[in-house]
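All remarks here apply to the structure that follows.
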Amino acid sequence: MSGGRRASHGDWDAVLETNQLYEAELAALRLRAAGLEARVIDQSYHQEPAPLVPGLARVRVLVPAEHAAEARRLLAEGAKLPEDADEAEGGQT
């Protein structure tokens, strides 16, 4: 997953570019949880069998341009796990 170049789509800026749809969806969920509007644009080529070639697999996460810097900061810092995350899984490490 990478930030990629900063593409603009009208009043929306791309804050993430990846070749996996699930990665983009997770990033969009993270941004939405922080109160930012986010869109996932899947521009992948879907002909089978197509390998994960960067030129054929492109998925972007877009946010309103005025929130792009905040969105990039949120994605760069990542999400923290809850303190009781080990206990929820039976306490095994």
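The residues in region 69-93 that are modelled with pLDDT of 65 or more and part of a loop (DSSP other than H, G, I, E, B) can be counted, and the count is 7.
Does residue 57 count as surrounded by 11 or more Cβ atoms within 10 Å (Cβ to Cβ), more than 17 Å from residue 13 (Cα to Cα) and at pLDDT below 95? The answer is yes for residue 57. Across region 23-38, the qualifying residues are those that are of a type outside the set (A, V, I, L, M, F, W, C) and assigned to a helix (DSSP H, G or I), and the one among them that is nearest to residue 67 (Cα to Cα) is 32.
The values are calculated or read from the model by the stated rules, or taken from the named source; none is laboratory data. It should be emphasised that the depicted structure is a prediction, and the values quoted were computed from it without experimental measurement. Note that we place each Cβ from the backbone using ideal geometry, even for glycine, and neighbour counts take in every protein chain shown.
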